[in-house]
4 protein chains.
Amino acid sequence: MKSGQSVMRIAMLASLLIVAPLQPAGAQTAAPVSGGPVDPALMQDLVIANRVLTDLNVIDGFGHVSMRHPTDPNRYLMGRSVAPALVVADDIMEYDLDSNPVDAKGRASFLERFIHGEIYKARPDIKAIVHTHSPGVIPFSVSSVPLRPVFHLGAFLSPEVPVFEIRDPGGMTNMLVSNAQLGKALAATLGDRNVALMRGHGSVVVAATIPMVVFRAHYSNVNAQLQMQAMSLGGPVTFMAPEESQKTLGVIDQIHGRAWDLWKRAALEKMTSK
Amino acid sequence: MKSGQSVMRIAMLASLLIVAPLQPAGAQTAAPVSGGPVDPALMQDLVIANRVLTDLNVIDGFGHVSMRHPTDPNRYLMGRSVAPALVVADDIMEYDLDSNPVDAKGRASFLERFIHGEIYKARPDIKAIVHTHSPGVIPFSVSSVPLRPVFHLGAFLSPEVPVFEIRDPGGMTNMLVSNAQLGKALAATLGDRNVALMRGHGSVVVAATIPMVVFRAHYSNVNAQLQMQAMSLGGPVTFMAPEESQKTLGVIDQIHGRAWDLWKRAALEKMTSK
Amino acid sequence: MKSGQSVMRIAMLASLLIVAPLQPAGAQTAAPVSGGPVDPALMQDLVIANRVLTDLNVIDGFGHVSMRHPTDPNRYLMGRSVAPALVVADDIMEYDLDSNPVDAKGRASFLERFIHGEIYKARPDIKAIVHTHSPGVIPFSVSSVPLRPVFHLGAFLSPEVPVFEIRDPGGMTNMLVSNAQLGKALAATLGDRNVALMRGHGSVVVAATIPMVVFRAHYSNVNAQLQMQAMSLGGPVTFMAPEESQKTLGVIDQIHGRAWDLWKRAALEKMTSK
Amino acid sequence: MKSGQSVMRIAMLASLLIVAPLQPAGAQTAAPVSGGPVDPALMQDLVIANRVLTDLNVIDGFGHVSMRHPTDPNRYLMGRSVAPALVVADDIMEYDLDSNPVDAKGRASFLERFIHGEIYKARPDIKAIVHTHSPGVIPFSVSSVPLRPVFHLGAFLSPEVPVFEIRDPGGMTNMLVSNAQLGKALAATLGDRNVALMRGHGSVVVAATIPMVVFRAHYSNVNAQLQMQAMSLGGPVTFMAPEESQKTLGVIDQIHGRAWDLWKRAALEKMTSK
C-alpha cells in the first residue's frame, strides 16, 4: 500500500505541473451563474444529511456535506459556514467547481470548500461529498497502520484508504485544504477510492448519492473503531478479502436505504419537535 | 477449541452432501399456508424486542429478531426488511422453515432470513433468534482470540462460541447468509451452542424465549467489551470455569425477566410518547 | 498486596470455623419485627439512589442499594427484586441482619441480599451498601492487575481493593452470594475497606451515608476506566500515594454532597416528568 | 520536555522565595470592593459555559469556569460552590486576585479558587480559565507519556503541555490547589502555555475569551482520547509539527465561534425547556 501511495503522490505532483497558474478566489470579475432551481426534496435531503451526520457523531461543530447540482454538473451545493446541526434550507449556497459562490447573499463560505469543488472536478461519478473529523478515523490518519475493511459494512474501504499528507503538496501549513492547489492534491490522493484520510485532520468521503455518502461516512467511523478493538486483542486479524469487498458493494447498494430511512426519520422528528 | 471447530466443519460439510438440490426461492408453485393466529401479547413482545435491541445498541439500522410460530413449529415470524427501530405489528411476516413468506402482501423480506429458517430447522429447542452486528462481538469474529465468559451474566457463552467462516462453505461471497445452503452451514457451526460469531459480520444468538434471546444478545455484547478491557490490562485473566457457567445458567433463567421488564417498559414509553 | 490478600483469606477462613451451623433462610418460625417507621426523606434518598446509580451506568437491570435502618441498627432496607430504575417507595422492604424480610407482603427478595446483611453485621460503621456489575470494575475483578486510586476522587480505594474469589469459600458455585456463609466470606474479604471486587461478577461498595456510597460506587467505576487508559499508554503510572489518599478523604467528605445534589435533582426531574 | 519541566520548576521555586509571607484567607480586615457591574450578556456567557462544559462531559459535578472582570483586571467572576450544571446568574461571585470574595452573601466558595486568582495574576493576557477532571486528560496526567497535538483542533497544545506535580511545592497534600502558594506554583508550571495537566487530578485551561477557553477544554479532552487510540495501534504516530500548530492557531481563532454558537444554542434550549 505504501508503494501505491508513492505512485499516487508522483501522479499528483505531475498533475500539478500542468494546471494553469492559480488565481486567488477573489480575482473573478463576475459571480458564476446559477445551475437553476433544485428539487426541494433533494435540497431537504442535503439539510437532513447535516443533521444525521451530527446525530451519528460523525461530525460535530465542524465538518461539511455537499451535493453536486442535480441538473448542472458544474455547480455544487453546500451549507454556509455554520455548525452542520444548525443548517436549514436558506443556509445552502451554490458554488461553481472553482468554489466561487453563485450568490453569497452575505453568507460566509467554508474555508475548505475547495475539497468539494476539486473532487467534483476530478470525479464526474461523484454527486455527494462529506468532510469529517470523526473520532474513529483520525487515529488511522496519524498512524502507520492502514484503515482496512474489517466487516462487511466497511467493504467500500477496499481496495485501500489512502492518507493525504498535506506536507507533500503544502509543506508546513495551517492544515486546511483552503485553496484549489491543495484541493487538487487531495483529489489526486483520493484517486478513484471512496474514502481518503487527511493526516492529523479527518477524512473525505465520496459517493453517488446523499444516502450513500452518509452511510460511508458513518461506517468508516464504525469500521475504524472495530479495527482498533480487533487489533487490541493481540492476535492476527482477518480482514475482508478484496473479492469479498467487491461483492459486498452490491449488498450495500441494496440495503443502505434502510439505514437512511431510519436516520432521516429520527432527524425529522427532532427538527419538528423543537 | 480450534480442533472442535474443525470437527464441526467436517460434520457440516458432510451434512451438505445429503441435502436435496437447492431450489431458488421463487420456484415454489404455491405459498405456504399460515400456522394460524398469534397471541397479540407475544406478537407485541416480538415488536418490542426490535426496539429494545436498538435501544441497547445491539442492533442499528440492520440486524433482525424472529420468533418461532407459537402453535406451528414449522413457521416463524419476523419483521419485513426495515430498520428494527421502526418495526410495528403490521410489519411482522410469517415464513415457513425454507424461509418462504406465507403472504408477503408486497412487503420485502430480509436477504438473510435463511439464518432463521435453517436454525429453526436444526434446533427444535429454539424459539427465538437474533442476528446482530453488535460492536463488541465483531472484533472477536475477526480475531484468533475466542470470546469467552468473563462474568456471570455471560455464562451462556460457555462452553464455547464458535466462529462461522463463510469462506468454508461459500468461498468468496458477498458475506450474506442469503440462501439455504449458507444458512445450514451456519446452523451446523452453531451446533448446540447459544451464540455463534460470523466472521467480519456479526453474531447469531438463540434461545427458548424472546426475553432470553434479547438478554443473551445484549450480554454477549457487554461480555465482549469487558473481555477486551480485561485483556488490555496485560495480566492473566480468570474466565468463568465451565462448571461455574453451567450452574449460573439457572441464575440467568431466574433473573433475566427483571431486565426484560425494565427494557420493555422503557421501549413502550418511547413508543407511546411519540 | 497479594500477601495482604492471603492474610485476609486466612482470617476469613478462620472466622468461618467459629460461626454457628448455618440455618436455611426458611427455618425461622416467626418473621422479625420491624425497626419502626423511617423518615420519609431518608426513604426517598434510598429510592433516588437506585435511579441515580442507573443514570450513572453504575448499575443496569441488576445491582442493588440498601441502607441500615436509621433507628434500629439490626435492620436494613432495600428494594424488592426489581430493576433499580423502577424502584418506588412501596418496593422498599425491611430485613433483619440474617436477611429475613420483616413483612414481604408477597414481594420477592434479591437472591444476594446476604451481601448486605452480613456486611451490616460485620461493619457497625457502615450505613449504606451498593452492589454493582459496573463495567469499569469487572475487568479488574478478573485480572491480576489491582484497582488502585489514580486520581483524587478515587482516594477511597486506598489502601487497597481486595478481590473476593468465591471459589475460596464456595468452590464451583453459581457465582451468587446467595447465603449467609458466602456473605460472611465476602464481608471478611472486604474487611475494613470501602470497596471489594467480586471476581467475574462486580463489586460491593460501602459507606456511612447514601450520598457517599453512591459517590464511591460511581468514582470506583470512573477510576477503573481512567486506570485502564493510563496503563494502555505504556509508560509507568503514578498512583496516589497512601498518605495523599488519606488526606484526600477529608476533601471527599467535604465536597461529595455537591455531586449528590446534582444527581438527585436530575433523577427527580426525570421521575416527575413521566 | 522533561528538562524543560525541570527548568520551569526551578523558576517556580525561585519565584516562591520572593513572595511575601502568605496570609490565611481570613486575615483581611475588609472585603475587597467590587470592580463594578458586568455586561449581562457576558455574565450569561459565563453561566452558559458551565452548562456547555457539562454537556460536553468535560466537567461533571466538579470543575469550574471563571472569567476576569471585564472592566477591572484585578477581579474575577466564578460560580459559587455548586455543580456547574446548576449554576445560574445569582450564583456568580466576584473575587479579587487573592481570591477573597467581594460579597459572599452567604454563598460558599470553591476550595480551589486560588487556581484562578493566581493565574489571573501571573497572566495578564488571560481572561477565562477552566479547571476540569476530564476523562481524556487524567490518564496523561499520571503517565510518563506527554499529551501532544495529534490533530489540527488540538494545535493549542503546542509547544507542550506541562504536568503540575503537586508534590513538588506541597509534598503529601490532599491534592487540592487550596491556597495561594499552590496556586502560584501551578501558575508557574503553566507558564505561557494554554493547558497544564495536574497529576492525579485533571487540567487547567486558559484563554483570552470564554468561547475559546471552552473550545480548548473540550478539544484537549478530544485530542487526548484520539492520541490514546492512535498510540494503541502500535505503529509510530505523526504528531502536529510545531510550525503547523503555530499556523493552525489562526484557524482556530477564526472558526471556534462556530462551535460555541452550536453549544450555546443547545444549552439555552435545555435551560428554557425545563
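The values are calculated or read from the model by the stated rules, or taken from the named source; none is laboratory data. Treat the numbers as computed from the prediction; the structure is a model and nothing was measured. Here the Cβ is made from the backbone with ideal geometry for all residues, glycine too, and neighbour counts use every protein chain on show.
Out of C:T132, C:T173, one residue alone is farther than 21 Å from C:V82 by Cβ and either among the polar types (S, T, N, Q) or in contact with a helix residue (DSSP H, G or I) (Cβ under 9 Å, 6 or more places away or on another chain) (or both). It is C:T173. For the condition closer than 14 Å to B:I129 by Cα, hydrophobic (A, V, I, L, M, F, W, C) and either surrounded by fewer than 20 Cβ atoms within 10 Å (Cβ to Cβ) or at pLDDT 95 or above (or both), B:V19 does not qualify. In the stretch D:244-265, the qualifying residues are those that are within 7 Å of chain A (Cβ to nearest Cβ), among the aliphatic types (A, V, I, L, M) and in contact (Cβ under 8 Å) with a residue 40 or more places away in the chain, and the one that is surrounded by the most Cβ atoms within 10 Å (Cβ to Cβ) is D:A259.
Take the conditions assigned to a loop (DSSP other than H, G, I, E, B), in contact (Cβ under 8 Å) with a residue 24 or more places away in the chain and on the phi > 0 side of the Ramachandran plot and apply them to C:S99. Does it pass? So C:S99 fits the description; yes.
Of all the criteria given as (1) surrounded by 24 or more Cβ atoms within 10 Å (Cβ to Cβ); (2) over 12 Å from the mean Cα position of the chain (by Cα), the one not satisfied by C:G191 is (1). Using the structure shown, decide if B:M212 is over 30 Å from C:L226 (Cβ atoms) and either surrounded by fewer than 24 Cβ atoms within 10 Å (Cβ to Cβ) or of a type outside the set (S, T, N, Q) (or both). In short, yes.
Residues in the stretch B:127-156 that are of a type in the set (A, V, I, L, M), closer than 27 Å to B:R75 by Cα and out of contact with any His (no Cβ under 9 Å at 6 or more places or on another chain): B:A128 alone. For beta carbons closer than 6 Å, sequence separation of 6+ or different chains, a first residue in the stretch A:34-59 that is closer than 23 Å to A:P135 by Cα and a second that is among the hydroxyl-bearing types (S, T, Y), the qualifying pairs are A:V58/A:T132; A:V58/A:S134; A:I59/A:T132. Of the residues making up the stretch B:102-133, those that are within 24 Å of B:Q181 (Cβ to Cβ), part of a loop (DSSP other than H, G, I, E, B) and within 14 Å of another protein chain (Cβ to nearest Cβ) are B:A108, B:S109, B:F110, B:L111, B:E112, B:R113, B:H133. Criterion applied to D:R80, D:R68, D:R75 was being under 23 Å from C:A259 (Cα atoms), touching a Phe, Trp or Tyr at 6+ places or on another chain (Cβ under 9 Å) and basic (K, R), and the one residue passing it is D:R80. Considering the conditions (1) farther than 24 Å from D:M231 by Cβ; (2) among the hydrophobic types (A, V, I, L, M, F, W, C); (3) within 11 Å of another protein chain (Cβ to nearest Cβ), A:L268 is excluded by exactly one of them, (3). Restricting attention to the stretch B:97-121, the residues being among the aliphatic types (A, V, I, L, M) and crowded, with 19+ Cβ neighbours inside 10 Å number 3.
The residue that is nearest to B:I255 (Cα to Cα), counting only those in the stretch C:71-112 that are more than 17 Å from the chain's Cα centre (by Cα) and polar (S, T, N, Q), is C:N100. Of the listed requirements (1) of a type in the set (D, E, K, R); (2) surrounded by fewer than 23 Cβ atoms within 10 Å (Cβ to Cβ); (3) within 14 Å of chain A (Cβ to nearest Cβ); (4) within 26 Å of B:A188 (Cα to Cα), B:E94 misses just one: (3).
Within the stretch A:69-91, which residues are away from chain D (no Cβ under 14 Å), under 11 Å from A:M43 (Cα atoms) and not in a strand (DSSP E or B)?
Of everything in the stretch A:69-91, those that are away from chain D (no Cβ under 14 Å), under 11 Å from A:M43 (Cα atoms) and not in a strand (DSSP E or B) turn out to be A:H69, A:P70, A:A89, A:D90.
Flag set for A:L182, criterion: surrounded by fewer than 22 Cβ atoms within 10 Å (Cβ to Cβ) and in contact (Cβ under 8 Å) with a residue 60 or more places away in the chain.
On the basis of being in contact with a helix residue (DSSP H, G or I) (Cβ under 8 Å, 6 or more places away or on another chain) and farther than 20 Å from A:R51 by Cβ, does A:L97 make the cut?
Working: in contact with a helix residue (DSSP H, G or I) (Cβ under 8 Å, 6 or more places away or on another chain): yes; farther than 20 Å from A:R51 by Cβ: yes.
So A:L97 fits the description; yes.
Residues of the stretch C:62-84 that are crowded, with 21+ Cβ neighbours inside 10 Å and of a type in the set (G, A, S): C:G63, C:S66, C:G79, C:A83. For the stretch D:134-141, check the following and say yes or no: at least one residue is more than 12 Å from every other protein chain (Cβ to nearest Cβ), of a type outside the set (D, E) and assigned to a loop (DSSP other than H, G, I, E, B). Taking every residue of the stretch D:134-141 in turn, none turns out to be more than 12 Å from every other protein chain (Cβ to nearest Cβ), of a type outside the set (D, E) and assigned to a loop (DSSP other than H, G, I, E, B).
Let's see how each residue does on (1) hydroxyl-bearing (S, T, Y); (2) over 28 Å from D:G257 (Cα atoms):
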{"site": "D:S99", "(1), (2)": "yes, yes"}
{"site": "D:L111", "(1), (2)": "no, yes"}
{"site": "D:E118", "(1), (2)": "no, no"}
{"site": "D:I129", "(1), (2)": "no, no"}
{"site": "D:P139", "(1), (2)": "no, yes"}
{"site": "D:V142", "(1), (2)": "no, yes"}
{"site": "D:L153", "(1), (2)": "no, no"}
